[in-house]
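Undergrad: My questions all concern the structure below.
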Amino acid sequence: MSAPEAPLTAAPLLQVNDLQVHFPLPKTGWFAPPEVVRAVDGVSFSIARGTTLALVGESGSGKTTTALAVMRLAPITAGQVQLGDLALGTLEGEALRAARRRFQIIFQDPFSSLNPRERAGAAVRAPLDLMQVGTPQEREARVAELFHAVGLRPEQQQLFPHQFSGGQRQRINIARALATNPELVVCDEPVSALDIAIRAQILNLLVRLQKERGLTYLFISHDMAVVEHICDEIAVMYLGQIVERAPRQAFFARPLHPYSVALMSAVPTVHGGRARAAQRIKLVGDPPSPINPPPGCRFASRCPVAEPTCSAELPPLREIAPGHWVQCRRVELVDGRAMAPLQLPGV
């Protein structure tokens with residue numbers, strides 16, 4: 001299996017600028033100051049049409065909240081979300097509902113995202129009925145075509161979700177997401193709930209559908225091995241911010257941010273006859289609170305190579321090499337080459 005080789009120079013389909021998603025907390029007292037959870041705190045990225053951007057990070061990093069905000073399923077506190085010529089962040093009511101034809105989502109759990117009382121064919125047809133796409137005959141033909149495209153048999157349209165395996169249920173979810181012929185598909189950990197053998201099948205299916213239909217993916221994952229096989233570009237999130245963004249080959253050849261290096265050290269690969277995961281970089285401590293993040297680098301309290309200045313001021317996200325952005329003051333250019341302050345064990 002290989003990632004699609006779409007050119008990153010293509011025109012951007014999705015542009016996200018300084019996105020913020022803050023959730024207010026209930027007051028603890030009459031005179032207590034208001035508090036908010038800064039789930040997403042100034043995230044910017046773009047995805048070229050026909051390519052895949054992977055958002056990665058540990059649980060609580062804000063990657064799923066970012067995806068839900070793009071889908072307008074989480075409230076946007078500030079920032080802009082632009083899909084082609086459409087400003088998604090400003091749409092409301094009927095205008096937002098009509099725009100949903102252009103962007104759809106595949107959820108993580110292939111069972112809970114389906115109505116257990118609704119037959120598979122009706123589940124795939126539901127977006128067409130809700131958005132009144134085509135005639136009833138055209139909708140029926142569209143559902144049949146989608147079942148074939150995702151590898152399901154025509155007679156399976158009459159079955160209920162509990163009659164399918166986990167991988168088959170995720171194929172139904174993929175077919176439903178493609179029903180309105182969207183431009184952007186958000187994939188929220190679409191294979192994390194599946195067995196290892198089935199994951200490869202679903203990833204291959206997503207890659208094939210992208211090539212055939214020119215789809216653009218925003219792919220959410222915490223699994224670096226999965227991401228390496230499907231993304232064109234990768235963005236690493238930590239505590240609501242992007243700390244590194246780079247093309248796939250550049251990132252996996254040489255991650256620069258210490259947090260990215262720590263994530264990569266947990267990927268089981270063979271080096272020198274033994275697995276790299278056995279030499280993983282173990283981070284100490286917990287991430288800071290998203291309610292009151294520190295003024296400096298948010299990774300500084302757990303970073304093995306942090307200096308006192310790292311905790312004092314937040315470094316900018318800077319382009320250290322063509323297309324390679326990093327938010328770390330310890331990354332330096334030596335003879336025109338970016339040097340990471342922390343190296344992968346055994347490399």
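Undergrad: Based on the mean of other beta carbon atoms within 10 Å per residue, what is the order of 228-240, 203-215, most packed first? Write out the running numbers ahead of the final one.
TA: On the way: 228-240: 23.2, 203-215: 17.1.
With the highest mean Cβ count within 10 Å placed first, the list reads 228-240, 203-215.
Undergrad: Hey, got the dipole for the chain? About the Cα centre, +1 on K and R Cβ, -1 on D and E Cβ, debye to the nearest 20?
TA: Working: 35 positive and 31 negative charges, 100 e Å.
So the magnitude is around 480 debye.
Undergrad: Please give the FRET efficiency for E92 paired with S59, using the beta carbon to beta carbon distance and R0 = 35 Å, rounded to the nearest 0.05.
TA: Working: r = 31 Å, r/R0 = 0.89.
The pair E92/S59 has a calculated efficiency of 0.65.
Undergrad: Then there's this: Send over the per residue convex hull volume for segment 42-165, Cα only, as a whole number of Å³.
TA: Numbers: hull volume 19.3 nm³, N = 124.
Value for segment 42-165: 156 Å³ per residue.
Undergrad: Taking the alpha-carbon distance from K211 and a cut-off under 27 Å, which lysines remain once sequence neighbours fewer than 8 residues away in the same chain are dropped?
TA: Cα-Cα hits under 27 Å: K63.
Undergrad: For segment 192-257, with all protein chains present and a 1.4 Å probe, just round the carbon and sulfur fraction of the accessible area to a whole percent.
TA: On the way: 1070 of 2210 Å².
The C+S portion of the solvent-accessible surface of segment 192-257 is 48 percent.
Undergrad: What are the semi-axes of the equivalent ellipsoid of segment 191-230, taken as the square roots of 5 times the eigenvalues of the Cα gyration tensor, listed largest first and rounded to whole Å? All intermediate terms of the calculation are to be shown ahead of the outcome.
TA: Working: eigenvalues 63, 30, 12 Å².
The three semi-axes for segment 191-230 are 18, 12, 8 Å.
Undergrad: Another question, if that's okay. Roughly how many nanometres apart are two label points built 7 Å out from the Cα toward the Cβ at A126 and Q15?
TA: 3.4 nm
Undergrad: Continuing with this model, one more query. Where the only charges are on Cβ atoms (+1 Lys, Arg; -1 Asp, Glu), what is the dipole of segment 69-129 about its Cα centre, to the nearest 20 debye? Please list the in-between numbers first.
TA: Numbers: 8 positive and 6 negative charges, 36 e Å.
The dipole magnitude comes to about 180 debye.
Undergrad: Same structure, new question: Where only protein heavy atoms count, and the probe is 1.4 Å, what is the accessible area per residue for the chain in Å²? Don't jump to the answer; show the numbers that get you there.
TA: Numbers: 16340 Å² over 347 residues.
Each residue of the chain exposes 47 Å² on average to a 1.4 Å probe.
Undergrad: Can you compute the FRET efficiency between Q163 and E313 using 1/(1 + (r/R0)^6), with r the Cβ-Cβ distance and R0 = 51 Å? Round to the nearest 0.05. Each step should come with its number before you reach the end.
TA: Numbers: r = 57 Å, r/R0 = 1.12.
Step by step, r from the Cβ atoms, then E = 0.35.
Undergrad: Rank by packing, highest mean first: peptides 252-261, 169-178, 94-103, with packing defined as the count of other Cβ atoms within 10 Å averaged across residues. Show your work: numbers first, answer last.
TA: On the way: 252-261: 23.0, 169-178: 24.9, 94-103: 14.4.
Top to bottom by mean Cβ count within 10 Å: 169-178, 252-261, 94-103.
Undergrad: Taking the Cα centre of the chain as the origin and placing charges on Cβ (Lys, Arg +1; Asp, Glu -1), which of P316, L83, H257 is farthest toward the positive end of the dipole?
TA: Working it through, the farthest residue towards the positive pole turns out to be H257.
Undergrad: Further question on the same structure: Please list the non-local residues whose amide H lies under 5 Å from the amide H of L19, H modeled 1.01 Å from N, same-chain partners needing a gap of 5 or more.
TA: G42, V43, S44, Q80
Undergrad: What number, rounded to the nearest 500 deg cm²/dmol, is the helix-based mean residue ellipticity at 222 nm of the chain, given -39500 (n - 2.57) per DSSP H run of at least four residues and division by all its residues? Kindly include the intermediate steps, with their values, before the conclusion.
TA: On the way: 9 runs with 92 residues, N = 347.
So the helix-based figure for the chain works out to -8000 deg cm²/dmol.
Undergrad: Nearest 10 degrees is fine. How inclined is helix 196-213 to the longest principal axis of the chain, computing both from alpha carbons?
TA: So the helix axis and the longest Cα principal axis differ by about 70 degrees.
Undergrad: May I ask you to evaluate 6.51 cos²θ - 1.76 cosθ + 1.60, the Karplus curve with θ = phi - 60°, for each residue of segment 89-96 and list the ³J(HN,Hα) values in order in whole Hz, giving x for glycine and proline?
TA: My calculation for segment 89-96 gives x, 9, 6, 9, x, 5, 5, 5 Hz in order.
Undergrad: Here's a follow-up. So what are segment 108-149's ellipsoid semi-axes, whole angstrom, largest first, if each one is the square root of 5 times an eigenvalue of the alpha-carbon gyration tensor? Don't skip to the end; give the middle numbers.
TA: Working: eigenvalues 78, 28, 15 Å².
Three semi-axes, in Å: 20, 12, 9.
Undergrad: Here's something else I'd like to know. Considering the options A54, I106, T64, tell which one lies farthest towards the positive end of the dipole of segment 1-123, charges being +1 on Lys and Arg and -1 on Asp and Glu at the Cβ, about the Cα centre.
TA: I106
Undergrad: What order, most packed first, do the peptides 26-39, 287-300 have when packing is the mean number of other Cβ atoms within 10 Å of each residue? Provide the component values of the computation, followed by the final result.
TA: Numbers: 26-39: 11.4, 287-300: 17.5.
Output ranking for 26-39, 287-300: 287-300, 26-39.
The values are calculated or read from the model by the stated rules, or taken from the named source; none is laboratory data. Remember, it's a predicted structure, so these values are computed and weren't measured experimentally. Quick reminder, even Gly has a Cβ in these numbers, built from the backbone with ideal geometry, and neighbours come from all protein chains shown. Keep in mind that these areas ignore ligands, DNA and RNA; they rest on the heavy atoms of the full protein, side chains included. Shrake-Rupley method; radii C 1.70, N 1.55, O 1.52, S 1.80 Å.
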